[in-house]
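Here is the structure we will look at, set down as structure tokens.
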Amino acid sequence: MNIVGLHFGHDGAVCVLKNGQMSAYISREREGREKHAWAFTTNELNLALSRSDLTVRDIDFFAITSTQGMALSLGLIENFDIKLKSHARHSMFKNPLYDLDMNVESLLSKDDWTKGKVKTMGWLDRYGIASCWSPRGATIKEIAAVNCSSLLKTESIRYGFHYPVTVEISGREIPGCFIDHHVAHAASSFFLSGFEQAAIVTHDGIGSEDVSKLHELPYNSGMIYYGYKNYIIPLQPHYLFLGSLYTLISLGVGLATQRDLISGSGKLMGLAPYGRPVFFRNEFVGNAYDYERKFGNRDMTHVWRSHMEGMLSALKYPMNMLAKPEHMTESTNADVAASTQKLFEECLLEVVKATHSMLLNSGILEGSLCLSGGTALNCPANTRIHKETPFSSIFITPACSDDGLAIGAAAYLCHQLLGYPRQLQPESFSPYTGKTYSDKEIFLAIQEFGSSIVAKNVGYNAAEEAANDLACNRVIAWFEGGSEIGPRALGHRSILANPTYSENWKRVNLIKSREWWRPFAPSVLEEDMADWFDGIPNHSPYMLYTARVKSRRLPAITHVDGTARVQTVTPSSGRFYDLICEFKKRTGVPVILNTSFNGPGEPIVETPQQAIAFLVKSTLLDALYVGEYRLTRCSD
Ligand SMILES: [Fe+2]
């Protein structure tokens, strides 16, 4: 059974599942070299198929998702069209959405659908409404009091949130299915988690092109689900809009642009430790319906922003520093960031606690939690969920943002709709999903750069040589095997430095042309983690938790509040693990500074050519390790 997952929204991607196993994942960002690029092209589709040893003739199903109501840019793919009609093979699905008593006719805007090559999906989640959800919404307290046991017994709700279509491609008709955005987020986490059952909370940012109308949408920002064996059962919208709130505050302090709203959130999270949460008040903890009751306005962003503007003025903050890059860490910006981060954490904590209460009310004693959606990249919030909620095990996929939706859609179709058995071993998923380049391909890439670089064949001693470089305080780039999925550097496309020298904070930011104040993350041998950090799960392989740094020997990766965003490394990371072991042998420190291998505003490098080109133009990077070679610039 070959299923192709397609994500048409931002961070567009294609993935292929062969008999339930992921055989290829291609993101348009990495292939097309445009950050957060939309949809995908014929190139990514063909690459995904060829890496899976498949052709179009071998595809059994398409699983299609998008950024909620966003357009499907079908014109990018040659000989590809989607028809709103069923296919004989849809009978393999037990109970498609159109069989339910729901108004599917208005699911898709016929006018939009037929306008040129841009087609819109509509809002699938508006049509998967359970009768127990109050049309007037629910506060977090009301959500915590919900008993969803009747919902869990309702067979039909298990099969909702998808819509069958037929894909016409290269003269063939292949059955497909639209998969709702948030159920794809939920599936991308739960079906990779190895948990047999779990609570699932999805939550993301801006789901509409018209951000001013976000507050009018009933629940597009996230859902609470219960994952059980092959099923993801939607329980309750949580009505949080923290993703869009966080994004728009990052825009307000000048960390995002209208052109790239997405990247500002990570910067705001990095800025928050420079400030104090002086604007935070407990009364602002709640969801959109709490806000409506308290403030008469469901628009959380508007209420929070107005409050902060009032406080900035009343407390006489110097407003001429607002959004000024040269004053970014001054209190005007930093206190806004710290207060917003505090609000984010407190609201999300309440929803996760309410989720646990809902399941308890319903007779489910559940200790596992899956988080997904772009807000699951917020490391301090994840850490507090780990420490302060009753859930004992948490799984977050490294591609928890929209970059993982193609995987989630395909997994949902595979396991939930077709009933394929799941892998229930927690370690069955590897984040290194990119193409592995052969020795010959790497050699030919080196040849392309001629006399501009010096190549030394270090054979299988790359880890030792690289550790020597780091111990001597050289900054290196490390290119190994297939690239990692998601936005965080996990050691296969990384810039690495010695964390014991404080100067490396500034030095690596210069190499990456980033703002001087932005922090760096450490990678630590998992077996040594507890000696150097605390406050996070012992297994944190995807850099999604913020730990307290216990040692004073790591100034280059210790943020101003004494924390760091830790990746724990095991032998499953390949030679990257060996490198840290070798560094420990030389220095006694099992920790290195690890940041993504890319320049400003660029996607992480994908090919050996892109990696070598970075070295050639970067005069501050000392060496690049790629395959069995140590490369330096010729002028060095
Ligand atoms: Fe999303």
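Nothing in this text is a laboratory measurement; each read-out follows from the coordinates by a stated rule. Just so it is clear, the structure is predicted and the values come from calculations on it, not from any experiment. With ideal geometry, Cβ positions are generated from the backbone for all residues, glycine too; neighbour counts draw on all protein chains shown.
Mind putting together the pair-distance distribution for the chain? All Cα pairs, 20 Å bins, whole percent per bin, short to long.
Once binned at 20 Å, the Cα pair distances of the chain give 20, 54, 26, 1.
What are the ³J(HN,Hα) values, in whole Hz, obtained from phi via the Karplus relation 6.51 cos²θ - 1.76 cosθ + 1.60 with θ = phi - 60°, for each residue of the range 52-63 in sequence order, with x given for Gly and Pro?
Rounded to whole hertz, the list is 9, 6, 10, 10, 4, 5, 8, 6, 8, 8, 9, 10.
Identify, among Gln447, Leu371, Ala409, the residue whose Cα sits farthest towards the positive end of the charge dipole of the chain, taking +1 on the Cβ of Lys and Arg and -1 on the Cβ of Asp and Glu, with the dipole about the Cα centre.
Leu371
With θ taken as phi - 60° and the coefficients 6.51, -1.76 and 1.60, list the Karplus ³J(HN,Hα) couplings across the range 299-313 in order, rounded to whole Hz; mark glycine and proline as x.
7, 4, 4, 4, 5, 5, 5, 4, 4, 5, 4, x, 5, 4, 6
Using the number of other C-beta atoms within 10 angstrom as an exposure proxy, rank His10, His539 with the fewest first.
Least crowded to most crowded, the residues run His539, His10.
Asn461: net charge of surrounding residues, Cβ under 13 Å, Lys/Arg +1, Asp/Glu -1, itself excluded?
Result for the local shell: -3.
Just in the range 515-553: which chymotrypsin sites (Phe, Trp or Tyr not before Pro) are loop by DSSP and have at most 15 other Cβ atoms within 10 Å?
Answer by residue number: Trp516.
Would you pull out the residues with amide H under 5 Å of Leu235's amide H, same chain only if 5 or more places away, H placed 1.01 Å from N?
Ile224, Tyr225, Tyr226
Among bridges DSSP assigns within the chain, what percent are antiparallel (round to 5)?
Roughly 75 percent of the beta bridges in the chain run antiparallel, per DSSP.
If each residue's Cβ is checked for other Cβ atoms within 10 Å, how do Thr570, Thr383 rank with the fewest at the top?
Thr570, Thr383
Around Lys267, what is the net charge, scoring Lys/Arg as +1 and Asp/Glu as -1 over all other residues with Cβ under 11 Å from its Cβ?
0
About its Cα centre, what dipole magnitude does the chain give when the only charges are +1 on Lys and Arg Cβ and -1 on Asp and Glu Cβ, stated in debye to the nearest 20?
For this selection, approximately 680 debye.
Translational diffusion coefficient, Stokes-Einstein: compute it for the range 439-633 using the Kirkwood radius over C-alpha pairs as Rh, at 4 °C and 1.567 mPa s, and state it as an integer in µm² s⁻¹.
Translational D for this selection: 79 µm²/s.
Would you mind checking which residues have amide H under 5 Å from Ser362's amide H? H placed 1.01 Å from N; only 5 or more apart, or other chain.
Residues meeting the amide H criterion: Cys148.
Sort Asp290, Asp439, Asp402 so the one with the fewest other Cβ atoms within 10 Å of its own Cβ comes first.
Asp439, Asp290, Asp402
Go ahead and estimate [θ] at 222 nm for the chain from helices alone: -39,500 (n - 2.57) per DSSP H run with n ≥ 4, summed, over the residue count, rounded to 500.
It lands at -8500 deg cm²/dmol.
Could you give me the ³J(HN,Hα) list for the range 577-588, computed from phi with Karplus coefficients 6.51, -1.76, 1.60 and θ = phi - 60°, whole Hz, x at Gly and Pro?
Taking θ as phi minus 60°, the curve returns 5, 4, 4, 5, 4, 5, 5, 5, 4, 8, 10, x Hz for the range 577-588.
Out of residues 5 or more away from Gly5 or on other chains, whose amide H comes under 5 Å of its own, with H placed 1.01 Å from N in the peptide plane?
For Gly5, whose amide H was placed from the backbone, the distant partners under 5 Å are Cys15, Val16, Leu17, Ala63.
Name the longest site-free stretch of the chain, where the excluded sites are GluC sites (Glu not before Pro) in a DSSP loop with no more than 12 other beta-carbon atoms within 10 Å.
Counting at most 12 other Cβ atoms within 10 Å as exposed, the longest clean stretch of the chain is 210-636.
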